[in-house]
Amino acid sequence: MAHYDLPHDHGQNIERVLDRMPDIVDFQKVASWFDKLGDSTRLRILWMLCHCEECVSNIAAAMEMSDPAVSHHLRLLRESGLIVSRRDGKEVYYKLAENAQAQILHRALDEMFEVSCPSSGE
């Protein structure tokens, strides 16, 4: 257990909490995810990709935006590791990543919007 030079002891066992606190780099990574999700368009795109795999043109049409504008948002989401892409001929398809963080966000978004996942058959 590390020693912390805390000015007050309130009997809350804060040192035990601080010993388990993730590294600052981990907080920066999570803050970056939240920064990406702080845009309503990216949230809409992410929600859509939680439920289906789709190409840029269809995402753009659904969002009523241009392909380049949607591509910008997709690039940011892909760089954050929340979505993945695959190429099939000239088309690039996007979907939610299969990592734990993306899956947690999927569940959180569905809970926040109080909807059932359309692809779960409910």
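Taking Cα atoms, how many degrees apart are the long axis of helix 67-79 and the longest axis of the chain, rounded to 10 and kept between 0 and 90?
Roughly 30 degrees between the two axes.
Could you check how much of the accessible area of the chain is carbon and sulfur, as a whole percent, using a 1.4 Å probe?
52
If I fit a long axis through the Cα atoms of helix 24-37 and take the longest principal axis of the Cα atoms of the chain, what angle between them do I get, 0 to 90°, rounded to 10?
Result, in degrees: 30.
What is the percent of Cα-Cα separations in the range 34-122 that go past 18 Å?
Roughly 39 percent, rounded to a whole number.
Per residue, what accessible area does the range 36-122 have, given a 1.4 Å probe and all protein chains present, in Å²?
It amounts to 58 Å² per residue over the range 36-122.
Below 8 Å, C-alpha to C-alpha, sequence gap of six or more: please give me the relative contact order for the chain in percent.
Averaging sequence separation for qualifying contacts and normalising by length gives 21 percent for the chain.
Kindly write out, for the range 101-110 in residue order, the coupling ³J(HN,Hα) from the Karplus curve 6.51 cos²θ - 1.76 cosθ + 1.60 (θ = phi - 60°), rounded to whole Hz, with x marking Gly and Pro.
5, 5, 5, 5, 4, 4, 4, 5, 4, 4
The values are calculated or read from the model by the stated rules, or taken from the named source; none is laboratory data. This structure is a prediction, so every number in the text was calculated from the model and none was measured. To get the accessible areas, we keep the full protein, side chains included, count just its heavy atoms, and leave off ligands, DNA and RNA. Shrake-Rupley method; radii C 1.70, N 1.55, O 1.52, S 1.80 Å.
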